[in-house]
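The values are calculated or read from the model by the stated rules, or taken from the named source; none is laboratory data. Note that the structure is predicted; figures quoted are calculated from it, not measured. Virtual Cβ from ideal backbone geometry, glycine too; neighbours counted across all protein chains shown.
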Amino acid sequence: MRESLSQVQKRYLIASLVLLAVIAVVIAAVLIFKGKQPQEKEVEVQVQKEEKQEKELMKVKLYFLDGEENVLVEEEKEIEKGKNERDSIRNLLSALFEGPSSPQLLSAVPEGTHLRQVYIIEHVCVVDLTGPIASMASDGSSAELLAIYSIVNSITANFPDVRSVKIILDGMERETLFGHVSLKDPFFPDMSYVASQQ
Amino acid sequence: MRRFLTLIFLCSLLLSLNLKFRYADHPDFTRFVVEGDEEFVYDIIRQDDFTIDILLPGNASWENPAGESKLLQRVEVNRAEEVLEVRLRFSKAVIWSSFTLRSPFRLVLDFRPRPVSPKIKRGIVRTIVLDPGHGGEETGSIGPAGTKEKDLTLIIAKKLRSILRNSLGVRVILTREDDVYVSLDERTAIANNAKADIFISIHFNASRNRKAKGPETYFLSYKATDSAARLQAYRENMALVMPPEDIKIPTDVEMILWDMAQSQYLQQSSRLAEFIQEELSNLIGVKKRGVKQAPFKVLMGALMPAVLVEVDFLSNPEEEKKLLDPEFQNKIAMSLYRGIVRFIQFYQR
């Protein structure tokens with residue numbers, strides 16, 4: 001009885017061992033085959049992350065006020081490229097509001113001007129500003145126009161998809177910036193405020 | 001999914017839009033309203049000066065137009081294939097502006113007779129409106145020594161008024177006589193109500209560059225006026241990112257003035273700007289590059305040749321000193337006067 005039992009047991013044992021071996025081989029094969037692909041993907045993801053950490057820079061033209069003539073002049077700067085156009089415009093405006101690198105130039109917007117928000121609606125870029133630029137009730141037309149076109153020209157020169165720029169202050173539409181020029185419509189770039197390059 | 005969309009499309013055809021049309025004369029304009037029980041798309045097309053077509057969705061049903069008007073003589077509604085065409089015929093040449101309202105959705109069109117003869121009549125300049133910039137709590141720019149723009153503009157305007165009255169015998173109106181606040185719209189309205197032939201807004205400039213110097217004379221820019229329709233589209237889009245109560249929908253009057261008023265006088269305005277700029281440049285002695293265009297709010301609604309003069313830079317310490325001298329102020333007024341006379345003579349020929 002014992003022997004017959006042990007024979008039966010042996011058969012079962014062999015059969016189950018074979019079965020286990022087959023299953024193990026199949027599982028191993030599947031794991032090896034599939035396991036390779038995710039590993040490759042992980043490597044790719046890591047490469048992308050490394051690229052992002054390096055932060056892509058872009059060269060932009062910014063428009064500042066000349067210290068001699070009352071006109072805007074171009075200065076090149078490098079800004080961090082955002083993850084989309086809106087982000088990049090945000091970076092560009094921060095660079096513009098920081099002021100020029102050259103000591104011969106002045107900022108055309110009042111110091112302390114801050115960006116609240118940027119929206120892009122079709123080809124209109126809406127910039128929402130705050131700080132002294134929003135609280136200054138009145139100043140000269142020239143100060144007003146040069147502040148406006150320093151912003152408008154800087155955005156449109158570097159982002160060709162943006163055709164015009166609408167300025168709002170503290171989240172609200174305002175009649176004028178400093179008492180003269182209507183802010184109702186978006187502004188198209190105007191290079192007549194920029195010094196002609198000789 | 002596609003079947004589902006097709007179903008929705010068919011349902012929307014079956015549950016068609018219902019439109020009502022009504023119109024009435026108002027003191028200043030004739031209003032035509034298209035009211036829908038849901039939002040609809042539309043297009044407005046000018047066939048000629050007397051005929052305006054409104055294109056509406058072809059699946060719409062409608063009730064007969066109701067209203068009475070002297071200006072709007074006939075309303076015809078025709079279904080042409082996929083489009084419902086509403087043709088409006090007017091007794092006079094018209095200009096229009098439009099905007100939309102919600103709950104219920106309405107398309108509102110305002111029609112006004114087109115202003116006749118935009119040119120100044122030969123040799124007739126009867127009324128000149130001078131606008132001393134700023135005033136009251138709005139000081140304008142302030143010079144390094146503390147001179148306020150609002151005071152200088154009033155001094156020059158009063159001096160210029162007496163020269164014009166004595167030499168030309170014309171009626172001269174100032175938009176303010178004292179140190180008071182007057183809104184930009186009010187200033188333009190004063191000129192329009194006086195049926196002025198010339199409007200001159202007088203300012204003193206300022207720049208963050210303290211060396212800036214010299215006169216600049218502005219007239220309204222063409223570019224800024226190029227599309228009321230786009231402005232409207234923009235406003236509708238803005239509703240997606242801003243709470244609607246924060247978006248100021250332009251009133252019909254604003255829209256139409258923006259669209260039409262000053263744009264008819266741009267040629268004369270640019271001429272007036274050139275003459276004034278030349279005379280001031282001769283006095284202050286800076287190169288001529290000074291006639292410029294910008295979307296100045298105070299010029300937009302003006303129904304006459306209109307310019308804004310920035311006499312000189314108050315932010316420049318040397319110029320500020322000169323500007324405080326009464327003798328120099330007389331010279332400024334004389335230069336402005338000569339510019340105006342040259343303009344009048346130019347159109348008298």
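A residue that is β-branched (Val, Ile, Thr), within 14 Å of chain B (Cβ to nearest Cβ) and surrounded by fewer than 17 Cβ atoms within 10 Å (Cβ to Cβ) cannot be found anywhere in region A:110-117. The test for being within 12 Å of the chain's Cα centre (by Cα) and surrounded by fewer than 19 Cβ atoms within 10 Å (Cβ to Cβ) holds for residue A:90.
To keep it simple, each residue is scored yes or no on (1) surrounded by fewer than 23 Cβ atoms within 10 Å (Cβ to Cβ); (2) modelled with pLDDT of 95 or more; (3) touching a helix residue (DSSP H, G or I) at 6+ places or on another chain (Cβ under 6 Å); (4) acidic (Asp, Glu).
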residue: B:299; (1), (2), (3), (4): no, no, yes, no
residue: B:302; (1), (2), (3), (4): no, no, yes, no
residue: B:307; (1), (2), (3), (4): no, yes, yes, no
residue: B:317; (1), (2), (3), (4): yes, yes, no, no
residue: B:322; (1), (2), (3), (4): yes, yes, yes, no
residue: B:332; (1), (2), (3), (4): no, yes, yes, no
residue: B:341; (1), (2), (3), (4): yes, no, no, no
residue: B:345; (1), (2), (3), (4): yes, no, no, no
residue: B:349; (1), (2), (3), (4): yes, no, no, no
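For region B:273-299: of the residues being out of contact with any Lys or Arg (no Cβ under 9 Å at 6 or more places or on another chain) and closer than 21 Å to residue B:190 by Cα, which is farthest from the other protein chains (Cβ to nearest Cβ)? Taking the candidates together, the pick is B:299. With respect to (1) touching a residue at least 60 places away in the same chain (Cβ under 8 Å); (2) part of a helix (DSSP H, G or I), the lone exception for residue B:328 is condition (1). Considered as a group, the residues in region A:165-187 that are facing another protein chain (nearest Cβ under 8 Å), more than 25 Å from the chain's Cα centre (by Cα) and of a type outside the set (Asp, Glu) include one that is farthest from residue B:131 (Cα to Cα), and that residue is A:184. When region B:179-217 is filtered for residues that are touching a residue at least 60 places away in the same chain (Cβ under 8 Å) and away from chain A (no Cβ under 14 Å), the ones remaining, listed by number, are B:189, B:190, B:191, B:192, B:194, B:195, B:196, B:197, B:198, B:199, B:200.
Could you tell me whether any residue of region B:139-160 is part of a strand (DSSP E or B) and more than 14 Å from chain A (Cβ to nearest Cβ)?
Checking region B:139-160: not a single residue is part of a strand (DSSP E or B) and more than 14 Å from chain A (Cβ to nearest Cβ).
I'm checking my understanding of the structure. Among residues of region B:10-28 that are at pLDDT below 85 and surrounded by 13 or more Cβ atoms within 10 Å (Cβ to Cβ), which one is nearest to residue B:90 (Cα to Cα)? Ranking the candidates gives B:16 first.
Within region A:81-198, which helices (runs of 4 or more DSSP H) (wholly inside it) include 1 or more residues that are free of Cβ contacts under 8 Å to residues at least 12 places away in the same chain? Even if it seems obvious, please write down each step before you answer.
Details: elements: A:85-98, A:132-135, A:141-158.
The qualifying helices (runs of 4 or more DSSP H) are A:85-98, A:132-135.
Do we find that residue A:103 is more than 12 Å from every other protein chain (Cβ to nearest Cβ) and either closer than 20 Å to residue A:194 by Cα or not small (Gly, Ala, Ser) (or both) in this structure?
Answer is yes for this residue.
Residue A:135 passes every criterion in (1) of a type in the set (S, T, N, Q); (2) surrounded by 20 or more Cβ atoms within 10 Å (Cβ to Cβ); (3) more than 16 Å from residue A:70 (Cβ to Cβ); (4) more than 9 Å from chain B (Cβ to nearest Cβ) apart from (2).
Scanning region B:285-297 for residues that are closer than 22 Å to residue B:134 by Cβ and either among the small types (Gly, Ala, Ser) or at pLDDT below 85 (or both) gives B:290, B:294. Kindly indicate whether residue B:92 is on the phi < 0 side of the Ramachandran plot, of a type outside the set (Ser, Thr, Tyr) and modelled with pLDDT of 90 or more. Spelling it out, it is not the case that residue B:92 is on the phi < 0 side of the Ramachandran plot, of a type outside the set (Ser, Thr, Tyr) and modelled with pLDDT of 90 or more.
The set of residues from region B:151-175 being under 16 Å from residue B:135 (Cβ atoms) and of a type in the set (Val, Ile, Thr) comprises B:153, B:155, B:156, B:173, B:175.
Taking the conditions (1) acidic (Asp, Glu); (2) surrounded by fewer than 16 Cβ atoms within 10 Å (Cβ to Cβ); (3) modelled with pLDDT of 95 or more in turn, residue B:245 satisfies each one other than (3).
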